[in-house]
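Enquirer: One structure follows; several queries about it will come next.
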Number of protein chains: 2
Amino acid sequence: MTTSPTSQDDKPVAPLSLGILISGRGSNMKAIYGAIQDGEINAHIAVVVSDNPESEGLAWAAANGLKTASFSRQAFAKKSDFETAILKTLADHGVDWVVLAGYMRLVGKTLLTPYQGRMVNIHPSLLPAFPGLHAQAQALAYGVKVSGCTVHLVDNTMDGGPIIAQEVVPVLPEDTVASLSDRILSVEHVLFSRVLKVISQGF
Amino acid sequence: MTTSPTSQDDKPVAPLSLGILISGRGSNMKAIYGAIQDGEINAHIAVVVSDNPESEGLAWAAANGLKTASFSRQAFAKKSDFETAILKTLADHGVDWVVLAGYMRLVGKTLLTPYQGRMVNIHPSLLPAFPGLHAQAQALAYGVKVSGCTVHLVDNTMDGGPIIAQEVVPVLPEDTVASLSDRILSVEHVLFSRVLKVISQGF
């Protein structure tokens, strides 16, 4: 495994080696990929891992020359076995930081412990409001007038780790879950890349 | 009691008769007073009620020619008796809408029921995050990067009623409770007056 480039003493900082975990479309992964291509983030995507072999994002990653792996939770008796398999893949690819980009599972101790403090998640609400699933629907149901997204370090709580950055969007009277989700997603893409840029510069 | 001017059929709308409840400085009350003086809000302050006879805002209100009343909770055996006294004062002054402007008590059924749907509160956070006391300290302790304030209709929950409007401020790395509170307070003054302007125009 390579050394994390977060030390203030190591300049110029080596490119960050990212492992991206997804479950679906991987739109944030695509945005991060683009920001790396544009030279905004000093990193490379070492491997893309999905818990869903059929996920659209996985096919996109492979088609764009990225290394990919997928693991079905059902193929493992225990969650710890499932996460050990993911962990081995991340280690095999020398992953420094793990990026949860629409990974729809609560990360367990097996996967978290080796990457604690080096695993980031993005969530489509202004945490601590609306953790968990369907955050945009929760926000609409509550009737908030602003929402947004949050990038945070992952800990062993549901969307409860230390916040790194947040971005705000308005919630409009005519919003549906789809329209609000789209608006939040567009700022997710910008915010996630901005955070990874800072991390890749050694914080 | 005068009729509520919220009907869409009554145009031009009669000035809204506000009862303002405070506990301390009453800075939002002063902002609302200023916005009425400037003709921004079609309303008059019928009476200012404090649960603290020593509150600075009460003295300011009296000095500015507003009618005032104060009631110590300790002077009443039951909360319902305390609220009955406040309610009588509001009724005696023909109050249409009740504005909680830094009123530091949970409103009980006695006071709420007659004004349900015509009682607004301002809270110094982006609800549903950080309800209750010390919202700014809660926000700093959590480490959010944005906060703000929320104007909502009062119901029988702690800061849980339907949201009317929210305004956002950044939380800065160097913020203290005082500096964050000041930043939020400055947008509270603008937001509260904006909401009362809309209410005074008949929603």
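The values are calculated or read from the model by the stated rules, or taken from the named source; none is laboratory data. Remember, predicted model here, so these are calculated numbers, not experimental data. For neighbour counting, all protein chains shown are included, and Cβ atoms are generated from backbone atoms with ideal geometry for every residue, glycine included. Accessible surface is based on the protein model in full, side chains and every heavy atom, while ligands, DNA and RNA are left aside. Shrake-Rupley method; radii C 1.70, N 1.55, O 1.52, S 1.80 Å.
Enquirer: Yes or no: B:V198 within 14 Å of chain A (Cβ to nearest Cβ), in contact with a strand residue (DSSP E or B) (Cβ under 9 Å, 6 or more places away or on another chain) and open to solvent by 20 Å² or more (accessible area, probe 1.4 Å)? Don't jump to the end; show me each part of the working.
Expert: Details: within 14 Å of chain A (Cβ to nearest Cβ): yes; in contact with a strand residue (DSSP E or B) (Cβ under 9 Å, 6 or more places away or on another chain): yes; open to solvent by 20 Å² or more (accessible area, probe 1.4 Å): yes.
It is true that B:V198 is within 14 Å of chain A (Cβ to nearest Cβ), in contact with a strand residue (DSSP E or B) (Cβ under 9 Å, 6 or more places away or on another chain) and open to solvent by 20 Å² or more (accessible area, probe 1.4 Å).
Enquirer: Here is a further query. Filter region A:134-160 down to residues that are among the aliphatic types (A, V, I, L, M) and over 15 Å from the mean Cα position of the chain (by Cα) and give me whichever is farthest from the other protein chains (Cβ to nearest Cβ).
Expert: Narrowing region A:134-160 to residues among the aliphatic types (A, V, I, L, M): A:135, A:137, A:139-141, A:144, A:146, A:151, A:153-154, A:158.
After this cut, where a residue has to be over 15 Å from the mean Cα position of the chain (by Cα) as well, the list is A:135, A:137, A:139-141, A:144, A:146.
Working: A:A135: 12, A:A137: 14, A:A139: 9, A:L140: 12, A:A141: 11, A:V144: 6, A:V146: 5 Å.
So, considering only residues that are among the aliphatic types (A, V, I, L, M) and over 15 Å from the mean Cα position of the chain (by Cα), the one farthest from the other protein chains (Cβ to nearest Cβ) is A:A137.
Enquirer: Scan (1) of a type in the set (G, A, S); (2) within 21 Å of A:G26 (Cβ to Cβ); (3) assigned to a strand (DSSP E or B) for the single condition A:S181 breaks and write down its number.
Expert: So the condition that A:S181 fails would be (3).
Enquirer: Is it the case that B:V168 is closer than 20 Å to A:I163 by Cβ, surrounded by fewer than 23 Cβ atoms within 10 Å (Cβ to Cβ) and at pLDDT 95 or above?
Expert: Details: closer than 20 Å to A:I163 by Cβ: yes; surrounded by fewer than 23 Cβ atoms within 10 Å (Cβ to Cβ): yes; at pLDDT 95 or above: yes.
For B:V168, the condition - closer than 20 Å to A:I163 by Cβ, surrounded by fewer than 23 Cβ atoms within 10 Å (Cβ to Cβ) and at pLDDT 95 or above - is met.
Enquirer: Now for a different question. Do we find a residue being hydrophobic (A, V, I, L, M, F, W, C) and within 26 Å of A:V195 (Cα to Cα) anywhere in region A:70-83? Can you show your working first?
Expert: Residues of region A:70-83 that are hydrophobic (A, V, I, L, M, F, W, C), as a first pass: A:71, A:75-77, A:82.
Going one step further and asking which of them are within 26 Å of A:V195 (Cα to Cα), we end up with none.
No; the residues of region A:70-83 include none that is hydrophobic (A, V, I, L, M, F, W, C) and within 26 Å of A:V195 (Cα to Cα).
Enquirer: Then there's this: Name the single residue, out of those in region B:130-148 being open to solvent by 10 Å² or more (accessible area, probe 1.4 Å) and aliphatic (A, V, I, L, M), that is farthest from A:L153 (Cα to Cα).
Expert: We begin by selecting, within region B:130-148, every residue open to solvent by 10 Å² or more (accessible area, probe 1.4 Å); these are B:130-134, B:136-138, B:140-143, B:145-146.
Keeping just the survivors that are aliphatic (A, V, I, L, M) gives B:133, B:137, B:140-141, B:146.
On the way: B:L133: 27, B:A137: 21, B:L140: 17, B:A141: 16, B:V146: 17 Å.
Ranking the qualifying residues of region B:130-148, first place goes to B:L133.
Enquirer: When the residues of region A:54-86 are narrowed to those that are under 18 Å from A:V107 (Cα atoms) and part of a loop (DSSP other than H, G, I, E, B), which ends up nearest to the chain's Cα centre (by Cα)?
Expert: The residue in question is A:F71.
Enquirer: While we're on this one: Are any residues in region B:161-178 within 14 Å of another protein chain (Cβ to nearest Cβ) and part of a loop (DSSP other than H, G, I, E, B), and if so, which ones? Working first, answer last.
Expert: Of all residues in region B:161-178, those within 14 Å of another protein chain (Cβ to nearest Cβ) come to B:161-173, B:175.
Hits for region B:161-178 are B:G161, B:P162, B:V171, B:L172, B:P173, B:D175.
Enquirer: Based on this model, can you work out whether B:P162 counts as within 30 Å of A:G161 (Cβ to Cβ) and of a type outside the set (G, A, S)?
Expert: Details: within 30 Å of A:G161 (Cβ to Cβ): no; of a type outside the set (G, A, S): yes.
Judged against the criteria, B:P162 is not a match.
Enquirer: If B:A129 passes every condition in (1) assigned to a loop (DSSP other than H, G, I, E, B); (2) within 18 Å of the chain's Cα centre (by Cα); (3) small (G, A, S); (4) within 14 Å of another protein chain (Cβ to nearest Cβ) but one, which one does it miss?
Expert: So B:A129 meets the others, but not (2).
Enquirer: Further, regarding this structure: Could we say that A:V151 is buried (at least 16 other Cβ atoms within 10 Å of the Cβ) and in a strand (DSSP E or B) here?
Expert: yes
Enquirer: Can I ask one more? Kindly evaluate A:I122 against the criterion of being away from chain B (no Cβ under 14 Å), of a type in the set (A, V, I, L, M) and in contact with a strand residue (DSSP E or B) (Cβ under 6 Å, 6 or more places away or on another chain). Steps first, answer last, please.
Expert: Numbers: away from chain B (no Cβ under 14 Å): no; of a type in the set (A, V, I, L, M): yes; in contact with a strand residue (DSSP E or B) (Cβ under 6 Å, 6 or more places away or on another chain): yes.
Considered against the rule, which asks whether it is away from chain B (no Cβ under 14 Å), of a type in the set (A, V, I, L, M) and in contact with a strand residue (DSSP E or B) (Cβ under 6 Å, 6 or more places away or on another chain), A:I122 comes out as no.
Enquirer: What is the number of the single condition among (1) polar (S, T, N, Q); (2) within 13 Å of another protein chain (Cβ to nearest Cβ); (3) within 30 Å of B:K79 (Cβ to Cβ) that B:T110 does not meet?
Expert: Every condition holds for B:T110 apart from (2).
The rows are residues; the columns are (1) within 13 Å of B:N28 (Cβ to Cβ); (2) at pLDDT 95 or above; (3) open to solvent by 10 Å² or more (accessible area, probe 1.4 Å); (4) in a strand (DSSP E or B).
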site	(1), (2), (3), (4)
B:A91	no, yes, yes, no
B:V99	yes, yes, no, yes
B:G102	yes, no, yes, no
B:R105	no, no, yes, no
B:L112	no, yes, no, no
B:I122	yes, yes, yes, yes
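Enquirer: Still on this model: Only one of (1) farther than 22 Å from B:P173 by Cβ; (2) open to solvent by 30 Å² or more (accessible area, probe 1.4 Å); (3) without any contact (Cβ under 8 Å) to a residue 60 or more places away in the chain; (4) not in a helix (DSSP H, G or I) fails for A:G117. Which number is that?
Expert: (1)
Enquirer: Considering only region B:53-75, state which residues are loosely packed, with under 14 Cβ neighbours inside 10 Å and over 20 Å from B:G94 (Cβ atoms).
Expert: B:P53, B:E54, B:A63, B:S72, B:R73, B:Q74, B:A75
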